[in-house]
1. Leaving out ligands and nucleic acids, note down the accessible area per residue over the chain with a 1.4 angstrom probe, in whole Å².
2. Between residue 431 and residue 185, what is the FRET efficiency for a Förster distance of 41 Å, r being their Cβ-Cβ separation, to the nearest 0.05?
3. In the structure shown, do any of 224/252; 234/258; 351/378; 378/410; 11/224 have a Cα-Cα gap over 22 Å, and if so which?
4. How large is ³J(HN,Hα) for each residue in the range 189-195, as worked out from phi by the Karplus curve 6.51 cos²θ - 1.76 cosθ + 1.60 (θ = phi - 60°), to whole Hz, x for Gly and Pro?
5. Please list, short to long, the whole-number percent of alpha-carbon pairs of the range 343-433 in consecutive 5 angstrom bins beginning at zero.
6. Quick one: putting +1 on the C-beta of Lys and Arg, -1 on the C-beta of Asp and Glu, what dipole do you get for the range 20-332 around its Cα centre, in Debye to the nearest 20?
7. For residue 197, give me every one of the aspartates and glutamates with a C-alpha distance below 20 angstrom, ignoring sequence neighbours fewer than eight places off in its own chain.
8. Rounded to the nearest 20 Debye, what is the dipole magnitude of the range 343-433 about its Cα centre when Lys and Arg each give +1 and Asp and Glu each give -1 at the C-beta?
Amino acid sequence: MTERKQFRAIKGTRDILPPDSALWNWFEQTARDTFERYGYHDIRTPVFEPTELFARSIGADTDVVNKEMFTFGSGYDSDSMEESAPGLTYSLRPEATASVVRAYIEHGMNTLPGDVKLYYMGPMFRRERPQKGRYRQFYQIGAEVLGQSDAPAIDAELIEMLLVFFWRAGLDRTTLYVNSIGDKNCRPQYVELLREKLLKVKDSLGADSQRRIETNPLRVLDSKLPEEQAIIEKLPRISDHLCAECREHFTKLKEELKLRGVAYEENWRLVRGLDYYTRTTFEVTAAGLGSQNAVCGGGRYDGLVELLGGPPTKGIGFAIGSDRAILSIQESKNLPHLPGLAVFVAWMGAKCYPAAVAIARKLRDSGVSVELPPEEMKFKKSLGLADKLGARYALIIGEDEVASETYSLKRLSDGDQKKLNENDLLEYLESERRGTGA
Ligand code: AMP
């Protein structure tokens, strides 16, 4: 006897079902629409890449690469593209900047005119401990600017675009934090100084921070452990150790943000988890999310293209966590009005069926959403189902209507009913559709 097994989505993954999926589509469409107004173009890259790409770009010592990647495949040989080199593997992407930069280099996009402005959206994968707002398959929407300039205006415009998107998506109650983490001229000295100071207080730190003194001292500043907070507050701040160029870049960035009416808070502890960032870093938090309240992280990564074998190129980008952003919108109840089903065709009698099929097609062709029951239903049942499906109208087609070549349109919210000929019906529903934004 075969066992009847019930399959379930793997822990840390989930299904996004209607009507939530409509909110997701709208959120993503609002992003596309906003980003395209700022001259960004869609890029689609594979969801898996050689593990080495992530190790090299994100940093082999980061948690993301060290502990959180889904890695598979027995071998990958980049020359022959055959799976022949033992020990070389693929990983599901934990983020997309590495892939975008790989594609930028691979396709010689540095020869394109002006700055290359790209956006992407899709699933990312990290083997994290699942909790509210933290999944193993989650979704990001990101944008990147790659080119020859690192003008602070580029950073500021990118941040402005991000906040305009959040505003259009109804994601209010957000806070933008900005910081500069220096560059290769000034950061190494600061990191050394930090390491020195941290070694002196090592015994008062937790295990993670103790380990990070060696691997990545900047990450200690990220710590949320209550007992470490007082110690961290006394550590030297990078803002006092930036070189003149980085200081000027940061000052100009803040002026540019003011010019654009973008409110921000400075946060000297904002270092970001990934190794490749330089100068500008930023993060946006949103209300209603508990401890996982970061909805976007971003920053400048001027050395990354070179690190991955490309020509000297400046870069900056961000990644929005869609799951959290949408959760915050849902919690705030600031939901968009998404028009659902417009018309339910209540047809009665086999003789009326051809007329029902014909009008359903005409309405759909003109952009109206229509539900046409595949089998005849009793009138009352038909209206009941129309109501349950959330239709705004029932279009009644019985023998009288067919004989008089008219339709009875019943508004389900208040029962108001009118008789219309085909032209008037199409016109009425089309204008109604425009009115509801459908
Ligand atoms: P990061 O690249 O880690 O800075 O991530 C950018 C954004 O992606 C974060 O601010 C989160 O909103 C989101 N994010 C990162 N990891 C997860 C996860 N495991 N589950 C849900 N969202 C995530």
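1. That works out to 51 Å² for each residue.
2. So, using R0 = 41 Å, E works out to roughly 0.10.
3. Pairs exceeding the cut-off: 224/252; 234/258; 11/224.
4. The phi angles translate into 5, 5, 4, 4, 4, 4, 4 Hz.
5. Distribution as computed: 3, 15, 29, 29, 19, 5, 0 percent.
6. My answer is approximately 760 debye.
7. Counting by Cα, and skipping residues close in sequence, residue 197 has these aspartates and glutamates nearby: 208, 214, 222, 227, 228, 233, 240.
8. 320
The values are calculated or read from the model by the stated rules, or taken from the named source; none is laboratory data. Bear in mind that the values here come from a model prediction, so they are computed numbers and not experimental data. Heads up, the Cβs are rebuilt from the backbone with ideal geometry, glycines too, and the neighbour counts pull from every protein chain shown. Areas reflect the complete protein model, heavy atoms only, side chains present, ligands, DNA and RNA absent. Shrake-Rupley method; radii C 1.70, N 1.55, O 1.52, S 1.80 Å.
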